[in-house]
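Q: Below is the structure I would like to discuss, written out as structure tokens.
The values are calculated or read from the model by the stated rules, or taken from the named source; none is laboratory data. Because the structure is a prediction, the values reported are computed rather than measured. Positions of Cβ are generated from backbone atoms using ideal geometry, with glycine treated the same way; all protein chains shown enter the neighbour counts. Remember, those area values only see protein heavy atoms, side chains included, never the ligands or the DNA or RNA. Shrake-Rupley method; radii C 1.70, N 1.55, O 1.52, S 1.80 Å.
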Amino acid sequence: MDMDISAIFNLYLQVAPAELFRLVQREAGVVARNGIYSARLVIWMMMNQRLQARGTLASSVEQLVQGRFDPLLSQCKRVREKKIGLSTGGYCQARQRLPKLVVSRSVEELTERLRNRVLESIPAPSRRVYLLDGSSLQLEPEPELVKAYPPASNQHGKSHWPVMRIVVVHDLEAGLAERPCGGPMNGAEAVSEQALAARAIQHLPPGSMLVADRNFGIFSTAYDAQQRGLEVVLRLTAVRAKALLGRPISRVGDYAVCWQASRRDGKKKGQRPWPDGAHVQGRLIAWRAGRGKRKQWLYLFTTSALPAAEVVALYGRRWLIETDLRSLKQTVRLQRISAQSADMMEKELLVAVMAYNLVRAIMFQAAQRAHLDPRQLSFTYARNIVLDGYPKVLAASTGEQQEEELTRIIDLVARCRLPRRTKRRSYPREVWGRGYRFPIRRREKN
């Protein structure tokens with residue numbers, strides 16, 4: 001499952017110059033030492049681990065010694081004398097010493113540069129559309145992580161694995177991910193997806209549109225988006241849609257409504273009370289979606305002026321973030337973060353999202369060249385092609401040869417098209433759990 005990483009590496013070189021990291025470290029008050037493992041190199045090696053199927057510390061250091069990351073090396077004494085050891089100790093310590101603030105600011109700056117680079121090739125739309133959704137990540141059962149992210153518990157006792165709840169926001173067209181927001185899923189300090197969503201949308205540019213499912217179809221999400229200057233398309237439950245309209249809904253329609261905070265809003269633990277008269281002016285769209293006997297009612301609240309049919313079609317594309325989350329958790333191996341401290345875990349999370357965005361940027365360039373929708377390309381195939389072509393780009397002796405190799409990679413990525421279904425599924429879309437080869441290990445009783 002290895003991917004041709006040459007194009008990704010070259011893109012990283014372009015959007016992440018050494019001056020950027022020196023500036024970020026200076027602003028964060030961090031003294032940058034002239035050694036092998038600079039911030040620029042360490043962040044790339046962490047991303048490289050996420051993109052490789054065999055993403056171990058040893059494999060990453062082996063590639064460093066073989067010269068694959070030479071353009072990122074500083075000219076310190078050991079580099080000039082070519083005395084870079086195969087031991088993983090130096091790299092491991094460099095990852096731990098790298099301040100989280102430096103990683104956070106570097107990833108934010110890199111994501112912004114990547115977004116500008118991707119979007120400059122397409123005409124500016126009237127508004128940018130973002131998809132919102134939540135998920136959970138499994139962490140290592142280390143004491144610090146167990147305390148910060150308590151495992152789930154029930155009548156049989158506590159689970160073994162700490163769990164972190166996250167909320168992500170993805171650009172609809174390019175598929176680029178914003179910085180995720182996370183918190184504990186269980187325990188006294190547990191945070192809801194709705195509370196995390198309020199933090200996540202603070203980074204979106206005013207005038208954008210937010211699309212989310214009925215888990216976020218509540219007053220707080222609509223009100224927070226309005227305060228940020230965002231338009232929304234939120235799916236509502238049947239009960240909430242009926243309460244918002246004030247009467248039963250028996251036919252398709254587009255109704256002007258004023259959504260006000262109910263007496264229950266703001267009463268939950270950790271939820272702030274709303275100011276007097278808090279409301280969101282918008283429309284309630286009742287629609288019948290599906291085919292034949294499988295048609296279902298769809299209730300959408302929107303503050304947009306788009307026609308009802310366009311709002312429904314826009315919400316129909318919300319499913320794309322489900323496949324984006326699958327790519328993040330499986331292909332970039334984010335479903336389980338192997339870190340022993342909360343600080344290291346957060347750095348791994350940020351770096352994994354940046355690695356995902358680099359692949360998405362390559363896919364977007366390939367789709368533009370082939371006149372395709374970027375979502376028509378396979379993320380896994382694209383990642384594999386980029387990783388496989390990585391050595392050839394680095395081995396190119398001239399800039400022209402390197403550009404030719406990059407063009408070849410982008411052309412190959414453009415051919416990673418997903419199959420088009422010509423008929424409906426004969427089975428419902430469901431998630432099936434995988435069986436275990438061995439019994440689940442149980443905790444021994446004292």
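Q: So is VAL30 among the aliphatic types (A, V, I, L, M) and either open to solvent by 10 Å² or more (accessible area, probe 1.4 Å) or out of contact with any Lys or Arg (no Cβ under 6 Å at 6 or more places or on another chain) (or both) or not?
A: The answer is yes for VAL30.
Q: So which of LEU86, LEU119 is closer than 29 Å to ILE201 by Cβ, touching a residue at least 12 places away in the same chain (Cβ under 8 Å) and of a type in the set (A, V, I, L, M)?
A: Step by step, each of LEU86, LEU119 is checked, and only LEU119 is closer than 29 Å to ILE201 by Cβ, touching a residue at least 12 places away in the same chain (Cβ under 8 Å) and of a type in the set (A, V, I, L, M).
Q: Could you please find all residues in region 308-354 being hydroxyl-bearing (Ser, Thr, Tyr) and in contact with a strand residue (DSSP E or B) (Cβ under 6 Å, 6 or more places away or on another chain)?
A: Once the filter is applied, which keeps residues that are hydroxyl-bearing (Ser, Thr, Tyr) and in contact with a strand residue (DSSP E or B) (Cβ under 6 Å, 6 or more places away or on another chain), region 308-354 yields only TYR315.
Q: Still on this structure: Please pick out the residue among LEU314, LEU334, LEU328 that is under 30 Å from PRO143 (Cβ atoms) and in a helix (DSSP H, G or I).
A: LEU328
Q: Taking the residues in region 199-243 that are open to solvent by 20 Å² or more (accessible area, probe 1.4 Å) and of a type in the set (A, V, I, L, M) as candidates, determine which candidate is farthest from LEU320 (Cα to Cα).
A: So the residue we want is ALA243.
Q: Checking the condition under 24 Å from ARG383 (Cβ atoms) and either in a loop (DSSP other than H, G, I, E, B) or small (Gly, Ala, Ser) (or both), which residue from ALA32, ALA58 passes?
A: ALA58
Q: Return the only residue of VAL24, VAL15 being closer than 17 Å to LEU358 by Cα and open to solvent by less than 40 Å² (accessible area, probe 1.4 Å).
A: Going through VAL24, VAL15 in turn, the sole match is VAL15.
Q: Right, something else. Condition check: out of contact with any Leu (no Cβ under 7 Å at 6 or more places or on another chain), in contact (Cβ under 8 Å) with a residue 60 or more places away in the chain and surrounded by fewer than 20 Cβ atoms within 10 Å (Cβ to Cβ). Does THR303 satisfy that?
A: Judged against the criteria, THR303 is a match.
Q: Turning to a different aspect of this structure: Select from region 133-147 the residues that are under 24 Å from the mean Cα position of the chain (by Cα) and either surrounded by 20 or more Cβ atoms within 10 Å (Cβ to Cβ) or charged (D, E, K, R) (or both) and list them in ascending order.
A: ASP133, GLY134, SER135, LEU137, LEU139, GLU140, LEU145
Q: Sticking with this structure for a sec: Output the number of the condition that VAL102 fails; it satisfies all remaining conditions of (1) part of a helix (DSSP H, G or I); (2) more than 20 Å from ASN10 (Cα to Cα); (3) free of Cβ contacts under 8 Å to residues at least 40 places away in the same chain.
A: Failing condition for VAL102: (3).
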